[in-house]
1. For A:E24, all conditions in the list (1) open to solvent by less than 40 Å² (accessible area, probe 1.4 Å); (2) not in a helix (DSSP H, G or I) hold save one; what is the number of the exception?
2. So B:Q15 ticks every box in (1) assigned to a helix (DSSP H, G or I); (2) in contact with a strand residue (DSSP E or B) (Cβ under 8 Å, 6 or more places away or on another chain) but one. Which box is left unticked?
3. Being surrounded by fewer than 19 Cβ atoms within 10 Å (Cβ to Cβ), modelled with pLDDT of 95 or more and of a type in the set (A, V, I, L, M, F, W, C) is the filter here, so list the residues in the stretch A:1-21 that pass it.
4. Quick one: count up the residues across the stretch B:43-58 that are loosely packed, with under 15 Cβ neighbours inside 10 Å and of a type in the set (S, T, N, Q).
5. With respect to A:A9, is the statement that it is in contact with a Phe, Trp or Tyr (Cβ under 6 Å, 6 or more places away or on another chain) and part of a helix (DSSP H, G or I) true?
6. Looking at (1) touching a Gly at 6+ places or on another chain (Cβ under 6 Å); (2) assigned to a strand (DSSP E or B), which is the only condition B:K93 fails?
7. Of the conditions (1) away from chain A (no Cβ under 14 Å); (2) of a type in the set (D, E); (3) not in a loop (DSSP other than H, G, I, E, B), B:D75 satisfies every one except a single condition; which number is it?
8. Any chance you could count how many residues in the stretch A:79-128 are within 9 Å of chain B (Cβ to nearest Cβ) and either in contact with a Ser or Thr (Cβ under 9 Å, 6 or more places away or on another chain) or crowded, with 21+ Cβ neighbours inside 10 Å (or both)?
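The values are calculated or read from the model by the stated rules, or taken from the named source; none is laboratory data. The model shown is predicted, which means the values in this text are computed figures rather than measured ones. Cβ sites come from the backbone with ideal geometry, for glycine too, and all protein chains shown count toward neighbours. Quick note on the areas: whole protein, heavy atoms, side chains included, nothing else; ligands and nucleic acids left out. Shrake-Rupley method; radii C 1.70, N 1.55, O 1.52, S 1.80 Å.
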Number of protein chains: 2
Amino acid sequence: MKSDTLAVANRAFEQLKHGLATGEWDSFLDLLTDDFTLWFPAGRFHGLNQGKDKAREFFHYASESFREGLEVILDRVTSNETTVVFEVRSQGKLRGEAYKNRIAISLDVRGDKICAYREYFGSDGKSY
Amino acid sequence: MKSDTLAVANRAFEQLKHGLATGEWDSFLDLLTDDFTLWFPAGRFHGLNQGKDKAREFFHYASESFREGLEVILDRVTSNETTVVFEVRSQGKLRGEAYKNRIAISLDVRGDKICAYREYFGSDGKSY
C-alpha cells in the first residue's frame, strides 16, 4: 500500500533527522532490514555499503561530522508503491567547515522497514 | 491531476533522452515554460540557470559533451501532484573520457509543461 510506504519512509526520515541532530541512531537503525544497502556519492563511504553494521558506522560518522549542527529543510517528497524520495536542502558545518548542499535521498520500503538508501548530491556549495 | 503530472514528465523524459541521443532539442524545449529554471550540480552550469535560452545552451552543451554516446537506464520513478523524480544510471563517454553516474532528475510540472529541472549526482564513477 502506498500510504504505508509513505508512512514508513516518513518515520525513517524523522529518525534520520533525529540521528543527525543527536547522534542517537538506535531508533533509525531499528527501521532498517538486515540486508539494508546504502549508496553514498563521495568520501570514505563512496559507493555501495551493505548491511546494518556498515550503516551504523556510516550514520555515526555522519552525525559526528555534523556535530556542530546541520539544518535540514525538506523541500518535497515524491513516492511510488515501494520508493520515497526526499529532496532537501541542508546547511551547517562539516567538520568545522561551512557546508551547504542540496540532496535527494531515495528510500526503498519493504514491509515496515527500509531496505535501501540512496543519496544524491545537488551540490549547493562549492563546485567540484 | 497526478496522472497528468506523470504523463507530462514522462513525455519530457523521453524528449530528454532523444535530445541526448540526437542533439535535437526543439521538442524538449517546447515542453518548458518561459520561466523554466534548471539546477545543475557541477561544471560551468553549476547552480541555478534561469530561462529557456539558458536551458537551450545547457542541453546542447550536454548532448555535445556526450556525442560519443550515453546509455541511460531508468531505475525508478516517483511522483506527487506536481513533481516527478527519475532515478537513472548512465554511462558512456564524456568528452572522450569514460563516464559513469547515478543521477536523480526532479521535474516540476505546471499544466502541460515543465517549469523546473533539478539534477542530483550519485556519482557512480570516480570519487571526488
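1. All conditions are met except number (1).
2. (2)
3. Across the stretch A:1-21, the qualifying residues are A:L6, A:A7.
4. 1
5. Numbers: in contact with a Phe, Trp or Tyr (Cβ under 6 Å, 6 or more places away or on another chain): no; part of a helix (DSSP H, G or I): yes.
Answer is no for this residue.
6. Result: B:K93 passes all but (1).
7. So B:D75 meets the others, but not (1).
8. The total comes to 19.
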